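Input: a single structure, listed below in structure tokens.
The values are calculated or read from the model by the stated rules, or taken from the named source; none is laboratory data. Since the model is a prediction, treat every value here as computed from it, not as a measurement. A quick note on method: Cβ atoms are made from the backbone with ideal geometry, for glycine too, and the neighbour counts reach across all protein chains shown.
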Ligand code: HPA
């Protein structure tokens, strides 16, 4: 893994990727952020050594390097999900690469199902913490000390300073934010009503199929993380209705403008 990361980093540096201030993973709801990048380089995943190719509709596969609001960014447009069949190491490989390009900060976005009765479809939730319910752990196996410690502290996983800054930015932009805990399940099924209830009982506010592995690996390498989740459907007891990928995409798309505006303003601030 170490050698693969170094090989990919070297490849990207040779293509013009320099030291980013931020790594950004664009999940559902933040796709249009690519429109505001002052792009220096853009490379399809299929041309990047050791990268996989995303198999999910709505998740394209390009790595960008450029500038947003004066900050240098490396942006993953399209992520790898565990349910696609990738190993956790493959899912989180781009995060390792971002770190070794020089990024010490990470912004991740996703779509999720809300289980908090105060949430509505289209809400943006600042992730304050997560619960890892994925069936495999990305740090399982022999630890590579050059990446980080064997036993990783997770008590300040979502960086407080970034969180407070984003809250200030949202207030300034007149955007109402929700805050809450994200629980990661493998998918690809959406939850049964009983499972949404379980998610709530376990103490989470939203549930989704990504983000947790990437953030764990980022913390392994001591990166500061900010997580944003678009609530695309609700799993509230007694009110659970059918949900489809198309509806999730549609709801995520509807919040894209606001989320993009927030991230642009955050980077500026
Ligand atoms: N469950 C899991 N993942 C999701 C959901 C959901 O309800 N909505 C969007 N991603």
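Do you know which residues across the stretch 160-194 are more than 18 Å from the chain's Cα centre (by Cα), crowded, with 18+ Cβ neighbours inside 10 Å and within 15 Å of the ligand (Cβ to nearest atom)?
If the condition is that a residue be more than 18 Å from the chain's Cα centre (by Cα), crowded, with 18+ Cβ neighbours inside 10 Å and within 15 Å of the ligand (Cβ to nearest atom), then 190, 191 are the ones that fit.
So for the stretch 240-262 (the condition being farther than 24 Å from residue 37 by Cβ and more than 16 Å from the ligand (Cβ to nearest atom)), does at least one residue qualify?
no
Looking only at the stretch 195-210, count every residue that is surrounded by 14 or more Cβ atoms within 10 Å (Cβ to Cβ) and not in a helix (DSSP H, G or I) and tell me the total.
The total comes to 7.
Out of (1) away from the ligand (no atom under 16 Å from the Cβ); (2) outside any strand (DSSP E or B); (3) in contact with a strand residue (DSSP E or B) (Cβ under 9 Å, 6 or more places away or on another chain), the odd one out for residue 100 is which?
(3)
With the checklist (1) under 26 Å from residue 247 (Cβ atoms); (2) out of contact with any helix residue (DSSP H, G or I) (no Cβ under 7 Å at 6 or more places or on another chain); (3) in contact (Cβ under 8 Å) with a residue 60 or more places away in the chain in hand, flag the one item residue 103 doesn't pass.
(1)
Table: residues versus (1) out of contact with any strand residue (DSSP E or B) (no Cβ under 8 Å at 6 or more places or on another chain); (2) at pLDDT below 90.
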{"site": "203", "(1), (2)": "no, no"}
{"site": "207", "(1), (2)": "no, no"}
{"site": "210", "(1), (2)": "no, no"}
{"site": "220", "(1), (2)": "yes, no"}
{"site": "238", "(1), (2)": "yes, yes"}
{"site": "261", "(1), (2)": "yes, no"}
{"site": "264", "(1), (2)": "no, no"}
